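Participant: Here it is: the structure, laid out below.
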Amino acid sequence: MSYTETTTTSWFSRLGSSFSGMGLGLALLIAGTVLLWWNEGDFVATRDALNEAQSVTQKVSDISRVDPALNGKLIHASGFADTQDVLQDPVFGIAERAIALQRKVEYYQWVEESKQEKRQKLGGGEETITTYTYSKQWVSSPVDSSGFREPGGAERYANTVHMSLEDNTQRAGNVSFGAYRLPDFFISSMNRFEPVRIELAQEVRENLKRQLQPGRTPYAASVPGSLALNSNARYTPGPRPIEIVSDGSTIYIGPSPTTPSVGDMRVTFQKVMPADVSILAQVNGSTFEPYYASNGETVSALRMGRVSMENMYGAKHSSNSTMTWIFRAGGALLVIAGLKMLVAPLTVLASVIPLLGSIVGAGTGLVCTLLGAAWSLIIISIAWLRFRPVIGGIMLGIALVLIVLLYLKGRGKKAAAQAPVAS
């Protein structure tokens, strides 16, 4: 199921847009440069904070009692994180003694996807062919079909929902760690989820069915987070009665789990059970807080299972390095995108002849990529001179040596070419 839409943009409109986009291009160039500079400084600051923290971390093997001597100390400890809190889902009544209870909701909906193809026209105009395709998929939130591009698509692919229900995650407020209590920021980082075996009470099932049987609620009239059907909606009765079926860790809401129809829902539940954890944190009475390094950076960590102090710091250093490379790539891409937007008018000017426009576009794209990469390397090198002077100085020295060697080699070739040929 697809629909094709063709639009044409004149040469003057394209040229105007390219000039107006130069401001955004300059902003992207500046943003990429700032990101590259900040990233190198943040890497060094985080690395120094981790090294400082590791040097003062005290290994604690006994957490069965609160030790006043540890107050204010940065410690590494492993132990059992436990809770007596019972978490209950307010809609389905599912209750678990757990550290976290998560509800994930999916809807079976029509989804519109688009793919564009651009063609240059003689005279500098541009033709854009957009193909819209429609398919039924499980998605995390209802899809508003009123904006579908195909004429009549809002009716042909009309989306409905039996109810509007959001994802929900509840976490225990009291989690013990030996004689200590884990703070909220540690509790929220415990993410080893496992399926919940659902036993849906008959009373809950019947209550849901009574509310669902009148019909389906159009998406546009539904209220996010609401269980009740909207009384102002125009109901369209479904062809089959809606059932509430629980299977394992999933609740299916619809006529048939084996043949889903638009508007059907499936709700899954997961939980985090009490388990062994390892932490890096500063002791604050009977709980914990992040450690503040001398440079202002904070250090804290929680890992599932019993993990040594060395492995925890190793993982932190590895994560710091990985994020640095991700931001380096992001900064370089921003710089390259900014340069391409700055020179975009050249491509549009040349596109009066489509072949010439393609050649100029390819050429400026290559130049912008090389120039953006070079600019990014320069910013990183200057940042290293600021934040890592030894490494930066060595790299700059190597670069200067290479430049000198290239220069001398070029002079040697020139002199050989100018030397008189012996008769």
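Rule-based calculations on the coordinates, nothing more; no lab input. These numbers were taken from a predicted model, which means no experiment stands behind them. For neighbour counting, all protein chains shown are included, and Cβ atoms are generated from backbone atoms with ideal geometry for every residue, glycine included.
Participant: As a test of the formula, what do you get for the chain when each DSSP H run with n ≥ 4 contributes -39,500 (n - 2.57) and the sum is divided by the residue count, at 222 nm and rounded to the nearest 500 deg cm²/dmol?
Facilitator: -14000 deg cm²/dmol
Participant: Here's another thing I want to ask about it. 5 Å is the cut-off here: which amide hydrogens, built 1.01 Å from N in the peptide plane, fall below it relative to residue 276, excluding neighbours closer than 5 in sequence?
Facilitator: 81, 305
Participant: Something else: Take the Cα atoms of segment 68-136, find their three principal axes, and give me the spread along each one in whole Å, biggest first.
Facilitator: For segment 68-136, the Cα extents along the three principal axes come out at 81, 40, 16 Å.
Participant: Using the Cα centre as the reference, give the magnitude of the dipole from point charges on the C-beta atoms of segment 86-134 (Lys, Arg: +1; Asp, Glu: -1; all else neutral), rounded to the nearest 20 debye.
Facilitator: The calculated dipole for segment 86-134 is roughly 100 debye.
Participant: Considering Cα pairs under 8 angstrom that are at least six residues apart, work out the relative contact order of segment 102-147 and quote it in whole percent.
Facilitator: Once normalised by length, the contact order is 48 percent.
Participant: Next up: Got a sec to turn the phi values of segment 145-160 into Karplus ³J(HN,Hα) couplings, 6.51 cos²θ - 1.76 cosθ + 1.60 with θ = phi - 60°, whole Hz, x for Gly and Pro?
Facilitator: 7, 5, x, 4, 6, 4, x, x, x, 4, 8, 5, 10, 5, 8, 10
Participant: Further question: Taking the Cα centre of the chain as origin, work out the dipole magnitude from +1 charges on Lys and Arg Cβ and -1 charges on Asp and Glu Cβ, in debye rounded to 20.
Facilitator: The dipole magnitude comes to about 1420 debye.
Participant: So who's got an amide H within less than 5 Å of the one on residue 264, skipping anything under 5 residues away but keeping other chains? H placed 1.01 Å off N, in plane.
Facilitator: Result for residue 264 returns 108.
Participant: Oh, and also: I need the Debye-formula profile for segment 1-41: one equal scatterer per C-alpha, no solvent, reported as log10 I(q)/I(0) at q = 0.21, 0.28, 0.35 1/Å, two decimals.
Facilitator: -0.73, -0.90, -1.04
Participant: Okay, moving on. Can you tell which of 95, 378, 116 lies farthest toward the positive end of the dipole of the chain, using +1 and -1 charges on the Cβ of basic and acidic side chains (Lys, Arg; Asp, Glu)?
Facilitator: 378
Participant: Any idea what the relative contact order of the chain is, in percent, if you count C-alpha pairs under 8 Å spaced at least 6 apart?
Facilitator: In percent, rounded to a whole number, it is 25.
Participant: Beyond 22 Å, what share of the Cα-Cα pairs of segment 1-90 remains, rounded to the nearest whole percent?
Facilitator: Numbers: 2794 of 4005 pairs.
Across segment 1-90, Cα pairs with separations above 22 Å total 70 percent.
Participant: A follow-up question, please. Which cross-chain or sequence-distant (5 or more) residues have an amide H under 5 Å from the amide H of residue 125, H modelled 1.01 Å from N in plane?
Facilitator: 11
Participant: Also, quick follow-up: What ranking of 277, 204, 196 emerges when the number of other C-beta atoms within 10 Å of each C-beta is taken as an exposure proxy, fewest first?
Facilitator: Ranking 277, 204, 196 by Cβ neighbours within 10 Å, fewest first, gives 204, 196, 277.
Participant: Now a separate question. Which aspartates and glutamates have a Cα less than 20 Å from the Cα of residue 118, not counting those fewer than 8 places away in the same chain?
Facilitator: Qualifying aspartates and glutamates at Cα under 20 Å: 5, 126, 127, 150.
Participant: In Å and whole numbers, how far do the C-alpha atoms of the chain stretch along each principal axis, longest first?
Facilitator: Taking the Cα atoms of the chain, the three principal extents are 108, 73, 38 Å.
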